[in-house]
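Have a look at the structure below, then the notes.
The values are calculated or read from the model by the stated rules, or taken from the named source; none is laboratory data. Since we're looking at a predicted model, the values are computed, not measured. Neighbour counts are summed over all protein chains in view; Cβ atoms, including those assigned to glycine, are modelled from backbone coordinates with ideal geometry. Heavy atoms of the whole protein, side chains included, go into the accessibility calculation; ligands, DNA and RNA do not. Shrake-Rupley method; radii C 1.70, N 1.55, O 1.52, S 1.80 Å.
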Amino acid sequence: MNSPSSNDDLDRLRALPKAEVHLHLEGCFEPSVIEQWAKSEGVVLPRPREDLLKFSGLADFLGFLDLACGLASTRERLAELSYGLSRRLAESGTGYADVIINPTHWHSWQGRLREMLDAIDAGFTAAEQDGLPAVGLCISLLRTQSADAAIELVSSLVSLRYPRVVALSVDGNEATAGRTGPRFAEAFRRAGDAGLRRTVHAGESSGPEGVWDAIDLLGADRIDHGVRAIEDASLLATLAERAIPLGICPTSNIALGVYPSIQEHPIERLRAAGVLVSVNTDDPALLSTSLVREYQLCRSTFGWSDEITKAVARTSIESSFATDDVKSKLLDALTGW
Ligand code: ADE
Ligand code: ZN
């Protein structure tokens, strides 16, 4: 049970003005919803209820995303999931989020990108009308896709010009895909030319070389995870000098086996090396976490002061792809925390 002082801390962290920049819609399925939808679709879950969220690593986790997302076969279900994500944001006092969506996981929507975006947008628009936080979408490639498939997705995004879509992303498993920076360079170049921002999962299932490729070949404005940059001093210097921010998810890195414990997690060493870091949840419902818990975990493990906490929140806002107006309101509020 939480002590009264840790509850105070959670309340203060809820009041901390902040953004979340690394959060997947795929990771926002409540387990009860998965069970209910699986039952109604006649889908057998891979494990008993009590073990459902025990993942053996990233590959197992990504396979589970395919199963869960495959259940969201209707417009209503997609809108409900999106609205639920916004509710989670509000519960942590998050003012804005960049939300990653990887179309390859959503099997019922293959070849229907516009319809899929419409359903998701309906959920987020309803949430915003109800006073819940603003959301931008980062549409993601999967590391195991081909160069042609990547270019096809970017062409669709460029011709759709969907107002809620702010960025191109790439996620998935670099340990199974191998080096794919060169494969995706052209797709990322086209996205950048069309005015999309670029965010890249790297340095989670790859080492520092994946982060180098994200910078050199994919023009990343921001790196998702990036934690294994800690293994390369010249990469740390480059990230710091060029102010390329990392969207770090401590609980995810432990749950999916990147580090054995929070004590061994490098977020504090990255921050102390001058790298811009923010704290995020990745897949909060499936990894049983929340944004305030991630901040609290870092404060209690690394002794982060209020000053450091505020600096990390500032990075979360400044490194987000929110509009200038949303950013400046959040930054003003942060000054008074
Ligand atoms: N998709 C959802 N969560 C992910 C993660 N942690 N790494 C790669 N792809 C993901
Ligand atoms: Zn992620």
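Before moving on, here are some points about what is shown:
- Relative contact order (%) - the chain, alpha-carbon pairs under 8 angstrom, separation at least six: 22 percent
- Net charge contributed by nearby residues that have their C-beta within less than 14 Å of residue 90 (K/R +1, D/E -1): 0
- Relative contact order, percent, the stretch 240-337 [alpha-carbon distance under 8 Å, six or more residues apart]: 27 percent
- Rg ratio (alpha-carbon, reference 2.2 N^0.38 Å) - the stretch 110-163: 1.32
- In the stretch 125-200, the trypsin sites (Lys or Arg not before Pro) that fall in loop regions by DSSP, at most 11 other Cβ within 10 Å: 161
- Solvent-accessible area, 1.4 Å probe, carbon plus sulfur percent, for the stretch 10-58: 52 percent
- All other residues whose Cβ lies under 10 angstrom from that of residue 253 are scored, Lys and Arg at +1 and Asp and Glu at -1, for a net of -2.
- Under the Debye formula (equal points on every Cα, no solvent term), log10 I(q)/I(0) of the chain at q = 0.14 Å⁻¹: -1.14
- Between the alpha-carbon centres of the stretch 118-179 and the stretch 66-80 there is a gap of 16 Å.
- Per-residue extension of 0.36 nm, minus the Cα-Cα distance of residue 243 and residue 90, leaves a gain of 52.2 nm for this segment.
- Charged side chains reduced to their Cβ positions (Lys and Arg at +1, Asp and Glu at -1) give the stretch 4-335 a dipole of some 240 debye around its Cα centre.
- Sequence ranges 203-215, 18-30, ranked by mean other-Cβ count within 10 angstrom, highest first: 18-30, 203-215
- Contact order normalised by residue count of the stretch 89-236, Cα under 8 Å, 6+ apart, percent: 19 percent
- Per-selection metrics, the stretch 11-88 (Cα): Rg and Dmax in Å: 14.4, 44
- In the calculated pair-distance distribution of the stretch 236-337, the portion above 23 angstrom amounts to 27 percent of the Cα-Cα pairs.
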